[in-house]
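These notes concern the structure reproduced below.
The values are calculated or read from the model by the stated rules, or taken from the named source; none is laboratory data. The shown structure was predicted, so the numbers you read here are calculated from the model rather than taken from an experiment. Here the Cβ positions follow ideal geometry from the backbone for every residue, glycine too, while neighbour counts run over all protein chains shown. Surface accessibility is based on the protein's heavy atoms, side chains included, excluding ligands, DNA and RNA. Shrake-Rupley method; radii C 1.70, N 1.55, O 1.52, S 1.80 Å.
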Number of protein chains: 2
Amino acid sequence: MDGETRTGVFWDAVRGEAPVPPAAATLGFEFVEVDPDRGTIELAFTATEAFTNPAGNVLGAFVAAMLYDTVGPALIATLDPDQFQSTLDLNTRFLRPTRPGRKLGHGRIVHRSGDLAHLAAELTEPDGTLIATATATARVIPLTEARNAV
Amino acid sequence: MDGETRTGVFWDAVRGEAPVPPAAATLGFEFVEVDPDRGTIELAFTATEAFTNPAGNVLGAFVAAMLYDTVGPALIATLDPDQFQSTLDLNTRFLRPTRPGRKLGHGRIVHRSGDLAHLAAELTEPDGTLIATATATARVIPLTEARNAV
């Protein structure tokens with residue numbers, strides 16, 4: 001993990017020296033691999049029974065939530081400590097049902113143009129079986145404007 | 001609320017005679033108004049501190065989750081008791097940041113064509129201020145296949 005010389009709250013969390021944000025903790029978020037040079041991130045989430053529909057599957061609502069929390073960190077990993085990001089849109093395709101348990105989030109920056117970034121992510125089972133995919137657009141904002149971040 | 005003569009687990013929940021599914025409970029889901037004849041639904045959700053980003057705003061992940069859990073029930077309300085639905089995609093636009101508290105989900109069926117339904121929803125503050133919008137596509141499936149539902 002390329003985080004030993006990087007500073008800021010995000011990298012403190014990557015190194016396990018700071019807690020992840022409350023929403024991330026609720027989703028069972030864990031860092032697996034962060035590569036800001038390639039613009040990629042590998043994360044893990046834990047879907048609990050509290051995320052299930054009447055059939056016992058993880059409701060797509062929480063699948064989308066995990067994908068949301070994959071694309072954002074992929075971008076944040078490439079930002080300066082005085083920058084943050086706000087997601088403008090998230091488009092999710094649900095491919096297969098999934099049961100509670102550990103899921104992997106694979107995120108990447110597809111293209112960055114000025115303060116706009118085009119992002120993509122997949123959520124898979126630990127064995128690589130594809131659960132859902134997403135694309136997103138995000139805007140890089142000053143950390144001082146994080147109060148306005150979605 | 002037009003549910004007095006309708007049967008099935010969904011309407012039992014609308015009438016408060018059955019619990020909402022675990023994922024809905026996690027989102028603080030409450031029925032406000034269900035109108036299957038118009039294809040509309042009004043819901044309430046409660047965003048807690050457990051849904052927040054580092055700035056204390058509700059992470060868009062949970063905004064998207066609430067919109068997901070608005071479009072599905074709008075469709076389910078119009079189905080027979082032996083039918084269920086599976087969401088194929090959800091496209092969300094995040095318009096404003098929002099803090100923890102009560103939010104309203106306004107969902108509707110835009111168009112139904114055979115087993116496919118085009119759905120839309122808005123999430124607002126209780127005063128009507130728009131937080132985010134979503135469109136979705138869902139497929140009507142037999143309840144016996146609910147094990148495959150996303």
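Counting just the residues of the stretch B:12-32 that are within 12 Å of the chain's Cα centre (by Cα) and away from chain A (no Cβ under 14 Å), which one comes out farthest from A:Leu27 (Cα to Cα)? Ranking the qualifying residues of the stretch B:12-32, first place goes to B:Val32. Taking into account only those residues within the stretch B:14-46 that are open to solvent by 10 Å² or more (accessible area, probe 1.4 Å) and small (Gly, Ala, Ser), which is nearest to B:Phe94 (Cα to Cα)? Across the stretch B:14-46, the extreme among qualifying residues is B:Gly28. The residue that is nearest to A:Ala134 (Cα to Cα), counting only those in the stretch A:38-86 that are more than 13 Å from chain B (Cβ to nearest Cβ) and among the hydroxyl-bearing types (Ser, Thr, Tyr), is A:Thr40. Just checking, does the stretch B:79-88 include any residue being under 30 Å from A:Asn148 (Cβ atoms), among the aliphatic types (A, V, I, L, M) and either surrounded by fewer than 19 Cβ atoms within 10 Å (Cβ to Cβ) or out of contact with any Cys (no Cβ under 8 Å at 6 or more places or on another chain) (or both)? Checked the stretch B:79-88: no residue is under 30 Å from A:Asn148 (Cβ atoms), among the aliphatic types (A, V, I, L, M) and either surrounded by fewer than 19 Cβ atoms within 10 Å (Cβ to Cβ) or out of contact with any Cys (no Cβ under 8 Å at 6 or more places or on another chain) (or both). Checking each residue in the stretch A:121-136 for being in contact with a strand residue (DSSP E or B) (Cβ under 6 Å, 6 or more places away or on another chain) and not in a strand (DSSP E or B) picks out only A:Pro126. Filtering the stretch A:47-73 to residues that are closer than 20 Å to A:Phe94 by Cβ and under 13 Å from the mean Cα position of the chain (by Cα) leaves A:Phe62, A:Val63, A:Ala64, A:Ala65, A:Met66, A:Leu67, A:Tyr68, A:Asp69, A:Thr70, A:Val71, A:Gly72.
If you check B:Phe51 against the conditions, is it within 21 Å of A:Glu145 (Cβ to Cβ) and surrounded by 21 or more Cβ atoms within 10 Å (Cβ to Cβ)? Yes; evaluated as a whole, the condition is true for this residue.
A:Pro100: modelled with pLDDT of 95 or more and either within 17 Å of the chain's Cα centre (by Cα) or open to solvent by 10 Å² or more (accessible area, probe 1.4 Å) (or both), yes or no?
Here the answer is yes, as A:Pro100 does meet what is asked.
Kindly indicate whether any position in the stretch B:137-148 is assigned to a helix (DSSP H, G or I), surrounded by fewer than 16 Cβ atoms within 10 Å (Cβ to Cβ) and of a type in the set (Ser, Thr, Tyr). If you could, list the steps in order and put the result at the bottom.
To start, the set of residues in the stretch B:137-148 that are assigned to a helix (DSSP H, G or I) comprises B:143-148.
Right, trim to surrounded by fewer than 16 Cβ atoms within 10 Å (Cβ to Cβ) and you get B:144-145, B:147-148.
Now restrict to residues that are of a type in the set (Ser, Thr, Tyr): B:144.
Checked the stretch B:137-148: at least one residue is assigned to a helix (DSSP H, G or I), surrounded by fewer than 16 Cβ atoms within 10 Å (Cβ to Cβ) and of a type in the set (Ser, Thr, Tyr).
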